[in-house]
Amino acid sequence: MRSWIVAGHMALAVSAMAERTIEWPAYGGAPGGGHYSRAGQIDRANVASLRQVWTHRSGDFRTGAQDLAEGAEPGGLAARPTSFMATPIMVRGMLYYCTPFNRVFALHPATGEEQWVFDPGVGPEASHVTNCRGVGSWVDPSAPDAVCGHRIVFGTLDSRLFAVDGRTGERCEDFGAGGEVDLKAGLTEHEEFEHAVTSAPAIAGDLIVTGAYVLDGRRSDVPSGVVRAYSVRTGEFVWGWNPVHPDHAQRNADGSFVAGTANVWSTISVDRRRGLVIVPTGNAAPDYYGGNRDGHLDYYSSSVVALHAQTGEVAWHYQTVHHDIWDFDVPAQPTLADVTIGGRTRPAVVQVTKMGLTFVLDVETGRPLHPVEERPVPQHGAVPGEYLSPTQPFPVKPEPLHQLGISPEDAWGFTFWDEADCRDQLEALTTGPIYTPPTTRGTAMYPGYLGGNNWGAPAVDPERQVMIANTKHFPFVVRLVEREDCDARVFWQQEGTPYCATTRPLVSSSFGAPCTKPPWATLAAVDLAAGDILWQVPIGNLRNMVPWPFHNLVRGVLEMGGPMVTAGGLVFLAATSDGYLRAHDIDSGQVLWEAELPSSGNAVPMTYMYEGRQYVVIAAGGHFTSPVPASDALVAFSLPELPE
């Protein structure tokens with residue numbers, strides 16, 4: 001069976017090499033994600049010859065201090081550097097990407113030469129977590145070459161939705177009010193920084209479907225996490241789905257959407273064949289205390305939800321965390337793939353999580369295709385007023401990509417003194433298995449609220465039925481503080497509850513290194529059919545952070561980003577804080593090629609064929625968690641000029 005798959009994969013790669021143009025038409029490579037391209041001109045035999053061919057710089061970045069504590073300092077979000085998370089799309093002979101300040105650029109795919117730029121006027125003074133992961137593309141099947149027959153659509157940090165002409169960058173005046181729609185309409189009163197669009201909208205037929213990032217740790221009544229659909233032609237509102245219990249009203253008496261609901265900040269998938277949009281939900285507000293939530297807010301929290309694309313009605317949902325009080329929201333695009341289990345091939349949704357657990361669900365029913373067990377979890381130590389779910393779902397397969405919990409015995413350090421310091425910290429904290437509740441003493445989280453897996457994973461090779469996922473192994477501490485002791489500088493105020501919350505990385509006092517044994521980041525290949533980990537390797541090192549030869553002391557460093565897979569048998573990944581883009585062999589994880597970037601590449605790479613030549617493109621501009629300075633470089637690589 002395996003040899004047949006590989007042979008079929010090789011045939012597909014040869015066929016793709018003969019194509020002059022292979023697009024990357026959506027953020028995830030396809031409407032259902034996967035970060036996969038059938039382009040195979042660059043392969044394991046020639047990838048070592050890959051060279052940088054162009055760089056585009058937008059000028060849109062700002063510097064600031066690294067912040068792993070989620071805005072614990074005064075100024076919070078405004079003090080952070082920009083995060084350049086964009087994955088471009090390539091469609092109809094043009095490359096499109098957005099900057100951290102929501103400017104959209106159209107580039108020539110072969111040269112990176114600017115064709116046009118659209119500025120929505122967000123500006124560098126924005127106080128948000130400044131990022132834009134991508135844009136969407138819609139082509140009118142009846143008039144593709146007309147004015148706005150090809151539309152580039154995107155949301156902004158100040159909650160607007162735009163449609164511009166793909167050829168010129170001019171506003172599509174028939175969309176909304178002069179080319180834009182106000183996404184603040186229908187929301188309860190809020191400050192501007194509490195609601196923003198940071199992920200690419202989904203295109204479902206003639207509809208634009210979008211969620212939004214909601215700053216859900218500030219107060220219990222933050223604006224609704226409603227998912228909304230608009231006509232791509234007119235900007236008219238078509239439907240909204242607010243994640244409340246089916247028996248509860250989604251709107252208030254004044255017509256506004258009920259506040260405090262789980263939001264969909266990550267990327268939405270579209271199943272065109274079945275007419276579904278599949279959304280990954282966050283946890284209900286606020287993040288680390290749920291005693292004030294009633295059942296209607298938790299019902300769709302931290303779940304995968306399939307909605308009928310034309311109506312927004314729920315087809316099915318599957319909850320990955322019950323009563324989530326750990327900020328274990330579903331962070332990644334639900335990825336569509338056909339998976340053969342027990343000799344039967346089924347269309348599946350592959351969902352990675354911050355817990356390092358992977359759920360493989362039937363796309364038609366939402367039922368797990370691999371067994372999932374409801375296992376007892378810790379029931380002691382919760383603060384007064386909190387309640388806990390007695391069990392949580394644990395997939396039997398695929399295998400976990402992360403250790404599930406932490407104890408003082410896990411303490412690690414570069415030196416004996418460093419290790420002793422980490423052990424002392426752990427002994428002073430609440431520790432235990434995953435889902436140990438947050439406490440006023442402080443709870444060590446491993447995995448932490450950044451993951452495990454996050455928004456960049458996974459990539460899926462559909463021929464091999466292999467999932468590629470990058471995983472963080474970085475401990476954090478969350479501590480609840482009684483309301484009367486809450487300092488105004490604490491970022492997670494959780495207003496409307498008895499507790500605010502603080503978060504911090506669990507690191508040694510002397511070196512600032514994580515208190516757990518490296519690697520602190522890994523890349524893994526998982527056989528989706530069997531559920532087994534095929535290989536797991538450390539990614540990155542301390543290069544550019546400590547002097548030679550000490551940078552090789554640790555393999556596997558802080559990362560944020562995601563992988564891309566090609567028919568050439570390659571996995572491309574940047575993500576690591578050492579600032580390199582690497583190509584791995586998909587069968588072994590071995591690094592076959594690497595190139596230093598202008599900054600850390602905290603995005604998902606993409607690839608395309610244009611006029612017979614394959615290009616690999618990565619945004620290299622840093623992330624607020626990265627120790628590398630922010631930048632604005634979009635970098636393209638290709639093989640040397642090919643003979644005619």
Expected sort for 330-337, 148-155 on mean C-beta neighbours within 10 Å, highest first, is 330-337, 148-155
Along segment 529-534, Karplus-curve 3J(HN,Hα) (6.51, -1.76, 1.60; θ = phi - 60°) to the nearest Hz, with x for Gly and Pro, reads 6, 8, x, 9, 6, 7
J(HN,Hα) series, segment 578-585, from Karplus relation 6.51 cos²θ - 1.76 cosθ + 1.60, nearest Hz, glycine and proline x | 7, x, 10, 9, 10, 10, 10, 6
Among the chymotrypsin sites (Phe, Trp or Tyr not before Pro) within segment 292-371, which fall in a DSSP loop and have no more than 10 other Cβ atoms within 10 Å of their own Cβ?
-> none
Determine the relative contact order of segment 463-523: mean sequence separation of Cα pairs under 8 Å and six or more apart, normalised by residue count, in whole percent.
-> 42 percent
What is the magnitude of the charge dipole of segment 235-289 about its Cα centre, with +1 placed on the Cβ of each Lys and Arg, -1 on the Cβ of each Asp and Glu, and no other charges, expressed in debye to the nearest 20?
-> 300 debye
Given charges at beta-carbon only (K, R positive; D, E negative), |dipole| of the chain in Debye = 1140 debye
Straight-line reach check, residue 517, cutoff 24 Å on alpha carbons, 8 or more apart in-chain or any other chain, hits among lysines -> 354, 472
Peptides ranked, highest mean first, by Cβ atoms within 10 Å: ranges 20-31, 231-242, 281-292 | 281-292, 20-31, 231-242
The answer for residue 348, listing residues at least 5 apart or on another chain whose modeled amide H is closer than 5 Å to its amide H, is 337, 338, 339, 363
So how much slack lies between residue 206 and residue 231, counting 0.36 nm per residue of separation and subtracting their Cα-Cα distance, in nm?
-> 8.4 nm
For the chain, what is the relative contact order in percent, using Cα pairs closer than 8 Å and at least 6 residues apart in sequence?
-> 15 percent
Arrange the peptides 594-601, 114-121 so that the one whose residues have, on average, the most other Cβ atoms within 10 Å appears first.
-> 594-601, 114-121
Applying the gyration tensor rule to the Cα atoms of segment 411-504 (axes a ≥ b ≥ c; rounded if a/c under 1.5, else prolate if a/b exceeds b/c, else oblate), the class is oblate
Taking a crude spin-label model, label points 7 Å out from Cα along the C-beta direction, the residue 147 to residue 509 distance in nm is 6.9 nm
PRE reach from residue 424 (point 7 Å along Cα→Cβ): which of segment 499-522 fall under 11 Å by backbone N?
-> 509-510
Linear extension gain, residue 114 paired with residue 188, 0.36 nm per residue minus alpha-carbon span = 22.7 nm
Which is farthest toward the positive dipole end of the chain among 498, 161, 89, measuring Cα position about the Cα centre, with Cβ charges +1 (Lys, Arg) and -1 (Asp, Glu)?
-> 89
For segment 211-343, shape from the Cα gyration tensor axes a ≥ b ≥ c, cut at a/c of 1.5 then a/b versus b/c, turns out oblate
Which of the aspartates and glutamates could a cross-linker bridge to residue 397, judged by Cα under 19 Å and excluding same-chain residues fewer than eight apart?
-> 338, 362, 373, 374, 461, 527, 532
Cα gyration tensor category, rounded, prolate or oblate, for the chain with a/c compared to 1.5 | rounded
Stretch residue 272-residue 591 to full length: gain in nm at 0.36 nm per residue minus the Cα-Cα span?
-> 111.3 nm
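Taken together, the values in this text are just the output of simple stated rules run on the coordinates, not laboratory data. Everything quoted here is computed from the prediction, not taken from an experiment. Neighbour counts are summed over all protein chains in view; Cβ atoms, including those assigned to glycine, are modelled from backbone coordinates with ideal geometry.
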